[in-house]
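J.: Have a look at this one before I ask anything.
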Amino acid sequence: MRSTLSDDQLLAAYAEKGDQLAFEQLVRRHKDRVYGFIMGMVRDTELANDLFQDTFVKVIDVMHRRRTHYSPQGRFVGWILMIARNVVFDYKRSRNKWKDVAGDNEEYWEQLPDENHTPDDLLYFKERSQWLDDCIQSLPPSQREVVLLRQDAELTFREISEITGVSINTALGRMRYALINLRAMIDKQSQSYAPPGSDIGCNSYSTTTHA
Amino acid sequence: MHKDNTTERKRLLLKYLYREEVDTEQLYELLNDSGNLEEFETMKAVKKQLENPAQRQNVSVSEDVVNRVLLVAKQKSKRAQRTPRLAIFGSIGTVAVCALFVLLQTIQNDEEPIQDSNQTSSQVEIQWDDTQERIEMQQALNIVRQRTNPDLWDESDVIRLDSLYQPTSSLPGVQTARSTPQ
């Protein structure tokens, strides 16, 4: 019965009547999208689990203060992914990894250096069957984020622009470059199965970052 | 300028690829260009690969984490349900206190004479109406003042001192004092 209810109906059932099953339905409906996004951004299972929990705890907090903080504008999944994104950013900031992040300044993203992987990492990536994820993770963070939000979380470009605080054209531009970069990585990957540690693969690909 | 405009228009291809609403007229115009069509096919192929679960890592959150989230939700709901009950109790309590206050006031008003008799002597003195007594005292005082005020005395009121002195006998060896030398 609850599976046929909309997100907003489930939200109302939980927030107003304390219907636990309604909330469980909401969590199970969106957990893969939320977790997939977080995992794609942090690339660490344990950390992704923690941040997933933090995200939903924030959702619960806000829902209990819903009269002042949550109004059901737009889709619930967009809202929850925005919270997930903030949780990820807060974590990154707390680790001083992205301490120079100034809001949603898009230029910042383009200045981020690609992470360097050791030969052991490359060996690990090549041995994995899910090599395409490694290609996604080799993208610059701004492009990776849009791919995760559009391709996996199935948000519209309009929703992505709202969540990330950029114009829709910027979001579209990032996605376009992400797909072009991925295509080049895929071509390179499929052409060569070079010995581990060699300079071939998603992680050695120089990406195009001009959105 | 022309390049920027082209890039911007090319982004329509992406919206179309992801089945979002696009201007069909502009789209057909774009797809008539072989370069654009090639780019569209490239992006479409990548999208297809991204959608292939065999090439993607199957990421799923641990069931333990989901259960922890659900537990938190349950606890928060319980707290939230408890809070309104306290609020209701609070408002009932406020009404009860007000009613009690009104009741006490009523009882106090009814018992005022009794309370007067129980008051201390100092309070009785303060509340005693002595106006009449004060008037009488003031009148008496005025009479006394009137009678003792020298300015109001007339000749008949003056008592001559020497008239009061009447020697009845002379003692031997004592001469009567005279004020004038003989």
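J.: If R₀ is 25 angstrom, what is the calculated FRET efficiency for the pair B:Thr42 and B:Arg19, using the beta carbon separation as r and rounding to 0.05?
T.: On the way: r = 18 Å, r/R0 = 0.71.
Plugging the Cβ-Cβ distance into 1/(1 + (r/R0)^6) gives 0.90.
J.: Taking a 32 Å limit on the Cα-Cα distance, which of the listed pairs A:Lys17/A:Lys92; A:Lys31/B:Lys15; A:Lys58/B:Lys44 fall beyond it? Display every interim value, and only then the final one.
T.: Details: A:Lys17/A:Lys92 36 Å; A:Lys31/B:Lys15 26 Å; A:Lys58/B:Lys44 37 Å.
Correct reply: A:Lys17/A:Lys92; A:Lys58/B:Lys44.
J.: Separate question: Only Lys, Arg, Asp and Glu count, each charged at its Cβ (+1, +1, -1, -1), so figure out the dipole size of region B:2-54 about its Cα centre, rounded to 20 debye. Don't jump to the answer; show the numbers that get you there.
T.: Numbers: 9 positive and 12 negative charges, 52 e Å.
Charge dipole, region B:2-54, about its Cα centre: 240 debye, nearest 20.
J.: Treat each spin label as a single point 7 Å out from the Cα along the C-beta direction, and report the B:Asn67 to B:Thr7 distance in nm.
T.: Once both label points are built, they end up 5.2 nm from each other.
J.: Here's something else I'd like to know. Using DSSP to call loops (not H, G, I, E or B), can you name the trypsin sites (Lys or Arg not before Pro) in region B:1-74 whose Cβ has at most 13 other Cβ atoms within 10 angstrom? It would help to have the intermediate numbers written out before the result.
T.: On the way: sites: B:Lys3, B:Arg9, B:Lys10, B:Arg11, B:Lys15, B:Arg19, B:Lys44, B:Lys47, B:Lys48, B:Arg56, B:Arg68, B:Lys74; in loops: B:Arg19, B:Arg56.
For trypsin sites (Lys or Arg not before Pro) across region B:1-74 that sit outside H, G, I, E and B with at most 13 neighbouring Cβ atoms in 10 Å, the list reads B:Arg19.
J.: Using a basic spin-label model with each label point 7 Å from the Cα along Cα→Cβ, how many nm lie between B:Ile135 and B:Asn52?
T.: My value for the distance between the label points is 12.0 nm.
Each value in this text was obtained by applying a stated rule to the coordinates, not by laboratory testing. Because the structure is predicted, anything quoted here is derived from the model rather than measured. Here Cβ is always computed from backbone atoms with ideal geometry, including for glycine, and neighbour counts include all displayed protein chains.
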